[in-house]
Amino acid sequence: MHAFTVPISEEAEEIDLQPPALTRLAELHVPTLIVVGDLDVLDEVTLAEQLVELITGAQLVVMPDVAHMLSMEQPEAFNRLVLDFLQTASK
């Protein structure tokens, strides 16, 4: 939750990709795991849902009681989730 209280520097520059990455996600044909915390800001959860729709075969996991820093807030649960996914994906 602390990450959401840190202000973004005025010098930070947002650079648009050409073409935008979102328009090319359907080109991905690899096992993909999208993980988001249920306490994250709504925009991040919405983006995760959009990624799952755009990437063929992608899986979405919403971790309970976690905000944006999943691997730091619940490292054991996050590691178990990723390792299980990798075992399944490698078969």
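The values are calculated or read from the model by the stated rules, or taken from the named source; none is laboratory data. The model shown is predicted, which means the values in this text are computed figures rather than measured ones. Note that each Cβ is placed from the backbone with ideal geometry, even for glycine, and that neighbours are counted across all protein chains shown. SASA here: full protein model, heavy atoms, side chains in, ligands and nucleic acids out. Shrake-Rupley method; radii C 1.70, N 1.55, O 1.52, S 1.80 Å.
Quick notes
- Extension gain, VAL62 to VAL82: 0.36 nm times the residue separation minus the Cα-Cα distance gives 5.9 nm.
- Heavy-atom accessible surface of the chain: percent carbon and sulfur, 1.4 Å: 58
- Cβ crowding within 10 Å averaged over residues, with 21-34, 47-60 ranked highest first: 47-60, 21-34
- Helical content alone sets the calculated 222 nm signal of the chain at -10500 deg cm²/dmol, taking -39,500 (n - 2.57) per DSSP H segment of four or more residues and averaging over every residue.
- Average accessible surface for the chain: 77 Å² per residue, computed with a 1.4 Å probe over protein heavy atoms with every protein chain in place.
- Peptide ranges 8-14, 78-84 listed from the most packed, as the mean C-beta count within 10 angstrom indicates: 78-84, 8-14
- Options LEU39, LEU25, ILE15, ranked by Cα towards positive dipole end of the range 1-57, top entry (Cβ charges): LEU25
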